[in-house]
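Below: the structure, in structure tokens.
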Amino acid sequence: MSFARALARPPGRTFADGLTTAGLGPPDLSVALAQHAAYVAALESSGVEVTLLPPDDRFPDSTFVEDTAVLARGLAVLCRPGAPSRAGEVEAIRPALEAWFPSPAFIEAPGTVDGGDVCEAGDHVFIGVSDRTNEEGARQLAALLSTRGLGSSFVDVRGIPGLLHLKSGIAWLGGQTLALTGELASRPGFDGWTALVVPPGEEYAANAVLVNGRVLVAAGFPRFEAAVRALGLPVVPLDMSEYRKLDGGLSCLSLRF
Ligand code: CIR
């Protein structure tokens with residue numbers, strides 16, 4: 001996917017209070033900040049101009065900016081996060097987004113959408129129905145995307161252990177190729193797509209990001225990394241240990257457009 005810009009927000013001092021199911025212990029803020037800086041540098045060296053927003057201690061999960069909006073083909077949809085503690089993040093990021101998207105659309109109640117449940121794959125968008133994104137929110141989003149010529153389909157990801165959002169288990173790798181965890185690959189909805197199934201034990205690596213011809217991947221998953229390289233795609237491994245402790249991945253840390 002080709003991106004000129006991205007928004008990102010380093011974690012704030014309350015980061016360790018973020019939502020989590022990972023059971024990996026509390027994150028270390030100074031390590032997280034260093035990992036964030038490396039992530040931003042990787043985007044910049046991939047040709048993306050990154051606007052860094054100030055840390056926002058009011059919202060422990062606010063570094064996961066991806067969940068606040070869906071940006072596609074000049075359209076910005078401000079989300080309605082499924083977790084009550086994250087609701088205020090949308091208003092907090094709205095002015096920064098409006099600098100680029102002056103007339104955003106909105107997900108309206110009772111719909112909920114987390115951006116992490118939305119996977120753009122060329123002309124198609126997969127929308128995960130999860131514990132955070134409900135069917136009403138998914139329907140509203142699909143209608144908005146269709147105004148930009150984007151087709152969409154829903155993938156029910158509820159009940160998959162360890163999978164917070166759709167994009168915790170899927171990445172678009174260009175053309176018709178998707179990286180998919182085994183669990184997700186076995187769900188309906190991917191007919192006609194070529195699946196690169198993430199090796200068992202390396203599921204966390206499925207949350208990779210294709211940026212201007214390179215793939216940002218979480219470091220420490222050698223079989224997945226080799227499989228992506230075998231597709232002819234350059235790989236940029238990034239240490240994500242502290243974000244993983246809060247159920248977060250690479251895609252969550254930026255809004256790309
Ligand atoms: C949460 O539970 O909302 C955060 N701790 C993690 C959000 C990760 N975001 C994403 O996968 N897009």
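The values are calculated or read from the model by the stated rules, or taken from the named source; none is laboratory data. Keep in mind that what you see is a predicted model, and the values were worked out from it rather than measured. Note that we place each Cβ from the backbone using ideal geometry, even for glycine, and neighbour counts take in every protein chain shown.
Checked against the criterion of being farther than 26 Å from residue 211 by Cα, in contact (Cβ under 8 Å) with a residue 24 or more places away in the chain and surrounded by 21 or more Cβ atoms within 10 Å (Cβ to Cβ), the candidates 170, 160, 107 yield just one match: 107. Checked against the criterion of being farther than 26 Å from residue 225 by Cβ and either more than 15 Å from the chain's Cα centre (by Cα) or not aromatic (Phe, Trp, Tyr) (or both), the candidates 170, 160, 127 yield just one match: 127. When restricted to residues that are more than 16 Å from residue 253 (Cβ to Cβ) and either part of a loop (DSSP other than H, G, I, E, B) or among the basic types (Lys, Arg) (or both), region 43-78 contains 5.
Residues in region 1-42 that are away from the ligand (no atom under 16 Å from the Cβ) and assigned to a helix (DSSP H, G or I): 30, 31, 33, 34, 37, 38, 40, 41, 42. Scanning region 126-160 for residues that are part of a loop (DSSP other than H, G, I, E, B), of a type in the set (Val, Ile, Thr) and touching a Gly at 6+ places or on another chain (Cβ under 8 Å) yields 133, 157, 160.
Table: residues versus (1) away from the ligand (no atom under 16 Å from the Cβ); (2) of a type in the set (Phe, Trp, Tyr); (3) at pLDDT below 95; (4) assigned to a loop (DSSP other than H, G, I, E, B).
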| position | (1), (2), (3), (4) |
| --- | --- |
| 162 | no, no, yes, yes |
| 179 | no, no, no, no |
| 201 | yes, no, no, yes |
| 229 | yes, no, no, no |
| 243 | no, yes, no, no |
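Please go through region 181-199 and pick out each residue that is in a strand (DSSP E or B) and of a type in the set (S, T, N, Q).
Selection gives 194 alone.
Among the numbered conditions (1) crowded, with 18+ Cβ neighbours inside 10 Å; (2) out of contact with any Ser or Thr (no Cβ under 7 Å at 6 or more places or on another chain), the only one that residue 85 does not meet is (1). Is there a residue in region 11-24 that is of a type outside the set (A, V, I, L, M, F, W, C) and in contact with a His (Cβ under 9 Å, 6 or more places away or on another chain)? For region 11-24, residues of a type outside the set (A, V, I, L, M, F, W, C) and in contact with a His (Cβ under 9 Å, 6 or more places away or on another chain): present.
The condition (being within 20 Å of residue 218 (Cα to Cα), surrounded by fewer than 20 Cβ atoms within 10 Å (Cβ to Cβ) and not basic (Lys, Arg)) is satisfied by just one residue among 32, 16, 8, 38: 38.
Filtered by the rule that a residue be surrounded by fewer than 20 Cβ atoms within 10 Å (Cβ to Cβ) and either touching a helix residue (DSSP H, G or I) at 6+ places or on another chain (Cβ under 6 Å) or farther than 27 Å from residue 184 by Cβ (or both), region 110-128 gives 110, 111.
I need a count of the residues in region 209-221 that are part of a loop (DSSP other than H, G, I, E, B) and either in contact with an Asp or Glu (Cβ under 8 Å, 6 or more places away or on another chain) or within 15 Å of residue 38 (Cα to Cα) (or both). The number of residues fulfilling the criteria is 3. Going by what's in this entry, would residue 98 be described as more than 15 Å from the ligand (Cβ to nearest atom) and more than 17 Å from residue 252 (Cα to Cα)? It is true that residue 98 is more than 15 Å from the ligand (Cβ to nearest atom) and more than 17 Å from residue 252 (Cα to Cα). For region 46-63, give me each residue that is within 16 Å of residue 8 (Cβ to Cβ), out of contact with any helix residue (DSSP H, G or I) (no Cβ under 8 Å at 6 or more places or on another chain) and either surrounded by 13 or more Cβ atoms within 10 Å (Cβ to Cβ) or free of Cβ contacts under 8 Å to residues at least 40 places away in the same chain (or both). Residues satisfying the conditions are 46, 47, 48, 55.
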